[in-house]
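K.L.:
After the structure tokens below, expect a handful of questions from me.
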Amino acid sequence: MKHVGPTYRLSYDALDQQISFEGTLRITDADDAAAVLAYLIAIHGQIQGTLRLSFRRLRYINAEGMRALSQFVAFARDRATVNLKIIASGVLAWSVRFLPNLRALWDGVEFIVHDDGFYGSQAIIEDLDFVPLLRNQTRILWPQERAVIQRHGLARGMRVADICCGCGDVPLLAMRELGPSFILGVDHSEAAVEYARGLQAEFQVRNAEFQRGDATALLLEDNSFDFVSCRLSLQIFSQPEQIVRELVRITRPGGRIYITGEDYDLILGHPEQEPIRATYQAAASYGAAMGMDLRNGRRLSGLLADSRLEDIRADHIVADTVNTEREAFAAVIESWRDFSAFTIGSRLDLSEPDRATLLAGYDAHLRSIRWPQGYASWTVIACSGRKPANP
Amino acid sequence: MDIGEFALPAADPLFMIDLSVQAEDLQANWGRCNMLANYLAEYVAYQFSEREWAENLISTVTNEFLEAVAQTAPPGTALALSCRQYDGLILLDLAHALRPDVVVLYMTFLSSLYGSTIDSLYFAHLTAAERPTPAFNQLGILMLVHDFHVRVAARLEPPTGQIAVRISIPTQEITP
């Protein structure tokens, strides 16, 4: 059940008992306001328990829109049969400032900001200190990924979106080397987006933009990109299918969705494989304690299949000591070591013996990489699928 | 007749933009308030590192004031809109003619924004069953004062009926 206004859409999802507000609810006349209120009241009459009102994709509201919401809260308060849960977005200034006032109208109103505590590791992933790790990873992965991403459909002239783009280096490299007509990078981290804009100015790359956004509720039009990527990011979210749903929504019919993920069981180091294996298993379990799935790569093709995509393709992107300069590879492992043993380790309050065991494996990995006869590899799993022409 | 602090900071603005539109165009096509607010906000926010937040906030502030202007300016008059950024402050100025029948009510309302009752005034307008008469987007202006901590100053020239409204947005609202 939907209500579509001149610049907004309200849709009801019975599964979640949720009304989603999208677009711009700057109501311009009394009839429009009455229609919005009537729609809300009609949904209210159909349910029990709690009705969720999600404003995560409502870019703007005006006073008349707020008045309609206030009237609806008053209606719900007078009936007292259904509670209300109001969901704001931390990227929309109006929503975190205006909506909490509705809570003051009735104690049956709960208010949350969806992307506060978005994922377990949010505070550390969205910190500027995380950027060097991302840059080190790109330095060794992009030379291998460049060919893979083209095999998965990224081609000259396309409109591309890179969701959870981090510090923006990959979209800028793709813009410069692969010739799409436009790339939009979206990330929830203010620090990462600011860094990406600085990098864009430094690289003098045109036809690219970076914006802050919530990957589970993108403020982007349906069917608006030819190629949509989400690289090495889904592992940090407990419900990656919510993001994949958004990737599919913004991809045009016939366009492709490309996602990549980790698999810590595929990280190799010779000749000290045992301590290395033990360390990455421990790192994966510590990551799990922070809400990360560091073996999510094996689940990606299933995620795309569940989204009813066609022509699903999978590849391994392998950076190893044969195709990668050893010191650049070692810099990645040093970043991982510090992140795992100290950043995550401090959060999890690791004991000194556990930290020492963890560090021993990373150090063994570094010796394998730096020893000219040693061999080490990092494998990322890449999957893509095509959005059906008639979804 | 002045309400609030109307002096400009001594320093030169770090940034400025001036626009002029016909009030009648906003009145005839209300959606133009939205368009103009979004245009100005995108242009101004471009220099902020928290660009999306800044754009959302500036557009929201501008739109509510444009919706007020569209109800208080006589048809056939012009609206001058300017935005200036100073250290720690963004100033949004709207200068236009005021309909004679709303002069007293409008100035009284703007004066009330300096009282200590903003919270109760805000909730009274938010929960009112009927819009006030005459309506000039009182709730929208209260929302901005109540939730974005903007300050509103106004200067009325009674002989001409020209009013200049100045909205001060603290920069810390944009860089939270």
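K.L.:
Given the conditions (1) touching a Phe, Trp or Tyr at 6+ places or on another chain (Cβ under 8 Å); (2) farther than 21 Å from residue B:57 by Cβ, which single one is not true for residue B:103?
P.N.:
(1)
K.L.:
Read through the list (1) touching a residue at least 60 places away in the same chain (Cβ under 8 Å); (2) surrounded by fewer than 21 Cβ atoms within 10 Å (Cβ to Cβ); (3) more than 16 Å from the chain's Cα centre (by Cα), then give the number of the only condition that residue A:241 fails.
P.N.:
(3)
K.L.:
Picking from A:107, A:115, A:162, which residue would you name as being within 14 Å of another protein chain (Cβ to nearest Cβ) and either modelled with pLDDT of 95 or more or in a loop (DSSP other than H, G, I, E, B) (or both)?
P.N.:
A:115
K.L.:
Taking the stretch A:249-272 only, how many residues are part of a helix (DSSP H, G or I), within 13 Å of residue A:163 (Cα to Cα) and out of contact with any Ser or Thr (no Cβ under 6 Å at 6 or more places or on another chain)?
P.N.:
Qualifying residue count for the region: 1.
K.L.:
Name the residues in the stretch B:46-65 that are under 21 Å from residue B:152 (Cβ atoms) and more than 10 Å from chain A (Cβ to nearest Cβ), would you?
P.N.:
Within the stretch B:46-65, B:62, B:65 qualify.
K.L.:
May I pose another question? Out of all the residues in the stretch A:273-293, is one or more touching a Ser or Thr at 6+ places or on another chain (Cβ under 8 Å), part of a strand (DSSP E or B), modelled with pLDDT of 95 or more and surrounded by fewer than 17 Cβ atoms within 10 Å (Cβ to Cβ)?
P.N.:
Among the residues of the stretch A:273-293, not one is touching a Ser or Thr at 6+ places or on another chain (Cβ under 8 Å), part of a strand (DSSP E or B), modelled with pLDDT of 95 or more and surrounded by fewer than 17 Cβ atoms within 10 Å (Cβ to Cβ), which makes the answer no.
K.L.:
Here is a follow-up. Pick out the one residue from A:70, A:95 that is more than 27 Å from residue A:222 (Cα to Cα), at the interface with another protein chain (Cβ under 10 Å from one of its Cβ atoms) and not in a strand (DSSP E or B).
P.N.:
So the residue among A:70, A:95 that is more than 27 Å from residue A:222 (Cα to Cα), at the interface with another protein chain (Cβ under 10 Å from one of its Cβ atoms) and not in a strand (DSSP E or B) is A:70.
K.L.:
Kindly evaluate residue A:246 against the criterion of being closer than 21 Å to residue A:166 by Cβ, part of a helix (DSSP H, G or I) and of a type outside the set (A, V, I, L, M).
P.N.:
Yes.
K.L.:
What about residue A:192, is it in the same structural domain as residue A:252 (by TED's automatic domain parsing) and crowded, with 24+ Cβ neighbours inside 10 Å?
P.N.:
It is true that residue A:192 is in the same structural domain as residue A:252 (by TED's automatic domain parsing) and crowded, with 24+ Cβ neighbours inside 10 Å.
K.L.:
Here is a further query. For residues that are surrounded by fewer than 18 Cβ atoms within 10 Å (Cβ to Cβ) and farther than 22 Å from residue A:216 by Cβ, tally how many sit in the stretch A:109-136.
P.N.:
Summing the residues that are surrounded by fewer than 18 Cβ atoms within 10 Å (Cβ to Cβ) and farther than 22 Å from residue A:216 by Cβ in the stretch A:109-136 gives 4.
K.L.:
Hey, does the stretch A:75-88 have a residue that's under 27 Å from residue B:32 (Cβ atoms) and under 32 Å from the mean Cα position of the chain (by Cα)?
P.N.:
no
K.L.:
To continue, here is another question. If you go through the stretch B:134-143 one residue at a time, how many are among the aliphatic types (A, V, I, L, M) and at pLDDT below 95?
P.N.:
Of the residues in that region, 1 qualify.
K.L.:
Kindly check whether there is at least one residue in the stretch A:41-56 that is aromatic (Phe, Trp, Tyr) and away from chain B (no Cβ under 14 Å).
P.N.:
no
K.L.:
If you check residue A:173 against the conditions, is it out of contact with any Cys (no Cβ under 7 Å at 6 or more places or on another chain), without any contact (Cβ under 8 Å) to a residue 40 or more places away in the chain and within 14 Å of chain B (Cβ to nearest Cβ)?
P.N.:
no
K.L.:
Which one is farthest from the chain's Cα centre (by Cα) among residues in the stretch A:1-51 that are part of a loop (DSSP other than H, G, I, E, B) and among the hydroxyl-bearing types (Ser, Thr, Tyr)?
P.N.:
Ranking the qualifying residues of the stretch A:1-51, first place goes to A:28.
K.L.:
Do we have residue A:337 as of a type in the set (Lys, Arg), crowded, with 18+ Cβ neighbours inside 10 Å and touching a residue at least 40 places away in the same chain (Cβ under 8 Å) here?
P.N.:
no
K.L.:
Report every pair of residues separated by at least 6 positions or lying on different chains whose Cβ atoms are under 7 Å apart, first residue within the stretch B:116-142 and at the interface with chain A (Cβ under 8 Å from one of its Cβ atoms), second part of a loop (DSSP other than H, G, I, E, B) and of a type in the set (S, T, N, Q).
P.N.:
Matching pairs, first to second residue: B:140/A:62.
K.L.:
Any idea how many residues of the stretch B:150-174 are surrounded by fewer than 14 Cβ atoms within 10 Å (Cβ to Cβ) and within 14 Å of chain A (Cβ to nearest Cβ)?
P.N.:
Number of matching residues: 1.
K.L.:
Taking the stretch B:66-97, which residues are within 25 Å of residue B:158 (Cβ to Cβ), of a type in the set (Gly, Ala, Ser) and away from chain A (no Cβ under 14 Å)?
P.N.:
Residues satisfying the conditions are B:73, B:76, B:78, B:80, B:82, B:95, B:97.
K.L.:
If you don't mind, there's one more thing I want to ask. Restricting attention to the stretch A:20-27, does a residue exist that is within 13 Å of another protein chain (Cβ to nearest Cβ), touching a residue at least 12 places away in the same chain (Cβ under 8 Å) and small (Gly, Ala, Ser)?
P.N.:
Scanning the stretch A:20-27 turns up at least one residue that is within 13 Å of another protein chain (Cβ to nearest Cβ), touching a residue at least 12 places away in the same chain (Cβ under 8 Å) and small (Gly, Ala, Ser).
K.L.:
Of the conditions (1) surrounded by 21 or more Cβ atoms within 10 Å (Cβ to Cβ); (2) within 14 Å of chain A (Cβ to nearest Cβ); (3) under 20 Å from residue B:144 (Cα atoms), residue B:26 fails just one. Which one is it?
P.N.:
(3)
The values are calculated or read from the model by the stated rules, or taken from the named source; none is laboratory data. What you are looking at is a predicted structure, and each value in this text was computed from that prediction instead of being measured. Don't worry about glycine lacking a Cβ; one is built from the backbone with ideal geometry, like all the others, and counts go over all protein chains shown.
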